[in-house]
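For reference, the structure is listed below as structure tokens.
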Amino acid sequence: MAASIQEELIAACQQPGCPVCRLVQTGIKHYLQHLFYESVNDIGLRQQLRRSLGFCKEHARISLQPGVGDALGVSIIYNDIFTNLLRMLPEAGQSTPDEANLLSRLRANRTKFGSLQTLLKALSPQATCPACEQQAELEHIFCPALGEHLATAPMAQAFQAGDGLCLPHLRLVASEEKSDAGWRVLLGSTRACFASLQAELVEFIRKNDYRFQGDAIGAERDAWQRAIRKVVGEG
């Protein structure tokens with residue numbers, strides 16, 4: 001039997017990092033796996049990928065992870081994209097080896113290639129990365145659900161014992177939170193997490209002072225990395 005959203009959130013709170021980031025990342029990996037293995041020949045999706053020029057940087061990198069992207073599926077998608085891009089690019093020709101002359105040809109030969117702005121538009125994404133759309137859908141499932149269940153004892157206990165939310169997901173949950181009890185859990189836990197992380201940063205800075213170089217660095221060793229992820233989300 002599939003776990004409920006509340007059960008998934010509680011389990012994610014028991015793992016390091018932002019629980020919403022963890023669930024969204026898992027969902028995105030499953031989405032990309034399905035896309036590469038089952039959906040590369042979907043006409044609508046291929047049209048969107050052609051207009052979006054494939055995936056954004058973040059989701060393109062995820063697709064390169066072992067077990068996520070399928071070599072054949074990626075090849076089919078990006079072959080389609082480069083086929084379309086080549087239709088938009090003029091041939092440089094032997095007589096225009098330098099960039100300035102090529103740009104001059106592009107500006108002058110409007111009948112064949114259109115304006116330079118039209119060409120630049122063709123080389124820029126004109127649609128949203130489909131994985132970004134999926135990510136937004138997942139966030140709008142898990143963030144309201146977290147806010148809805150924060151006032152319940154199991155969710156509150158798990159959330160307070162975990163690492164809390166990154167700022168992007170904190171904003172989303174806070175915008176949906178309606179109960180006073182939920183607010184108390186959200187704000188109290190967030191302040192505690194922020195204060196703990198700041199204390200680790202202070203300790204890391206202190207131990208990097210030449211006067212205290214003999215003090216062993218402990219759990220605060222990666223506090224600077226966790227601080228970045230706390231502000232921008234798990235990447």
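Just to confirm, what accessible area per residue do you get for the chain at 1.4 Å probe, in whole Å²?
61
For LYS207, which lysines qualify as cross-link partners when the Cα separation must be under 23 Å and same-chain residues fewer than eight apart are set aside?
LYS230
Using a 1.4 angstrom probe on the protein heavy atoms only, could you order GLU139, GLU7 from most to least accessible area?
Numbers: GLU139 30, GLU7 105 Å².
Highest to lowest solvent-accessible surface, that is GLU7, GLU139.
Counting only protein heavy atoms and using a 1.4 Å probe, what share of the accessible area of the stretch 41-93 belongs to carbon plus sulfur, as a whole percent?
Using a 1.4 Å probe with all protein chains present, the stretch 41-93 comes out at 57 percent carbon and sulfur.
For HIS59, HIS140, HIS149, give the ranking by accessible area with the largest first, probe 1.4 Å.
Working: HIS59 0, HIS140 115, HIS149 40 Å².
Ranked list, largest accessible area first: HIS140, HIS149, HIS59.
Quick check: convex hull of the Cα atoms in the chain, volume per residue, rounded to a whole Å³?
Here the figure is 211 Å³ per residue.
Run the numbers on the stretch 1-77 and let me know its relative contact order in percent, using alpha-carbon pairs under 8 Å that are six or more apart.
Relative contact order for the stretch 1-77 comes out at 31 percent.
Once you measure Cβ to Cβ distances between cysteines in the chain, which Cys have no partner under 4.7 Å?
CYS13, CYS143, CYS193
Per the Kirkwood definition applied to all pairs of different Cα atoms, how many angstroms is the hydrodynamic radius of the stretch 115-167?
Working: mean 1/r = 0.0693 Å⁻¹.
One decimal place: 14.4 Å for the Kirkwood radius.
Would you list ASP163, ASP180 from the most to the least accessible area, probe 1.4 Å?
ASP180, ASP163
Hey, what did the chain get for relative contact order, percent, Cα under 8 Å, at least 6 apart?
Computed over the chain, the figure is 28 percent.
The values are calculated or read from the model by the stated rules, or taken from the named source; none is laboratory data. Quantities reported herein were computed from a predicted structural model and do not represent experimental measurements. We place every Cβ from the backbone using ideal geometry, glycine too, and count neighbours over all the protein chains shown. Just so you know, the surface numbers come from the protein's heavy atoms only, side chains and all, with ligands and any DNA or RNA stripped out. Shrake-Rupley method; radii C 1.70, N 1.55, O 1.52, S 1.80 Å.
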